[in-house]
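Working notes for the structure below.
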Amino acid sequence: MHSLHVAVDHVVTVYAASQARDQSSEGGNCSAVETEASSDAVADLPHVVRKELGNALLALFLHGLMMPSSYKSWLSFLGCFSASSQLAHSDRATPWLVFLHYYHLKKGNSYNTSPVRTLSMAFNVDVNGGSPVTAKQTLLSAIHHIKLTHEPLKKSPDSHFRSLVCAGLNEGRLAEWCQLICKCTPLVDEHYHTWAFVSKGFEEAATCLERLSGLHFTLPVDLPVQRLVDIQEAFSDPL
């Protein structure tokens, strides 16, 4: 938990620096030195979120996580064996598999590929009739998007997880998403020892993460994917 508190503190600090930069730029009161310093802070925000906050949460979800007895059968069951060789050749349990299992239990693929949902995504149309979108719906959508963008490029399961953290901050629902996982009893019983942090409840960690819920993040969810695409495009460009 200490690492999570430290990571959240750092994210809040870097976020505040980025907001101060934006306000100074709008007012035209920002010197060249201040602009460079604040730009560095903004550039560091995705790194701090992915490497510090992402890793801190990864450690909590790894605590007491069990490797399924038939790991490859699990991957086939979840429909991700052939799509991601990183998962197929992993020699350790990974929290991303837990989130994929939640996606399967809640029929995430059916939700995201329904005609109504497809129309909504394609044309940015509100299909909920003004009803609020639930935390479960946003989590299923985020997992679906990350699967589609990360799996073809064979990004690691931990990279998937860190991207989900970024998406959760952008939605302002990272704490809610984590609690959805931890309160799903069949999921927790299947994947965790009884002494695991997740099995004991997530209240303290959720309270810590709630500090970030009121901040308005616009983090790049596909950052590791875009970097790889940029490299591939650079090598494919004719001289």
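A few remarks follow.
- Ordering of 13-19, 142-148 by packing is 142-148, 13-19, highest average first (other Cβ atoms within 10 Å, averaged per residue).
- Per-peptide packing, taken as the mean over residues of other Cβ atoms within 10 Å, places 57-65, 97-105 in the sequence 97-105, 57-65 from highest down.
- Each of Thr218, Thr134 has its accessible area taken with a 1.4 Å probe; listed largest first, they run Thr218, Thr134.
- Chymotrypsin sites (Phe, Trp or Tyr not before Pro) restricted to DSSP loop in segment 144-208 with at most 10 other C-beta within 10 Å: Trp195
- Accessible area (Å², 1.4 Å probe, nearest 10) - Lys107: 140
- Heavy-atom accessible area with a 1.4 Å probe sorts Glu176, Glu190, largest first, into Glu190, Glu176.
- Placed amide H near Tyr192: partners under 5 Å, 5+ positions off or other chain: Met66
- Ranking Val133, Val116 by solvent-accessible area of protein heavy atoms (1.4 Å probe, all protein chains present), from largest to smallest, gives Val116, Val133.
- In sequence order, segment 188-197 has phi-based couplings of 5, 4, 6, 10, 10, 5, 5, 8, 5, 4 Hz under the Karplus curve 6.51 cos²θ - 1.76 cosθ + 1.60, θ = phi - 60°, and Gly or Pro positions carry x.
The values are calculated or read from the model by the stated rules, or taken from the named source; none is laboratory data. Remember, predicted model here, so these are calculated numbers, not experimental data. Backbone-built Cβ (ideal geometry, glycine too); neighbour counts: all protein chains shown. Accessible surface areas use protein heavy atoms only, side chains included; no ligands, DNA or RNA. Shrake-Rupley method; radii C 1.70, N 1.55, O 1.52, S 1.80 Å.
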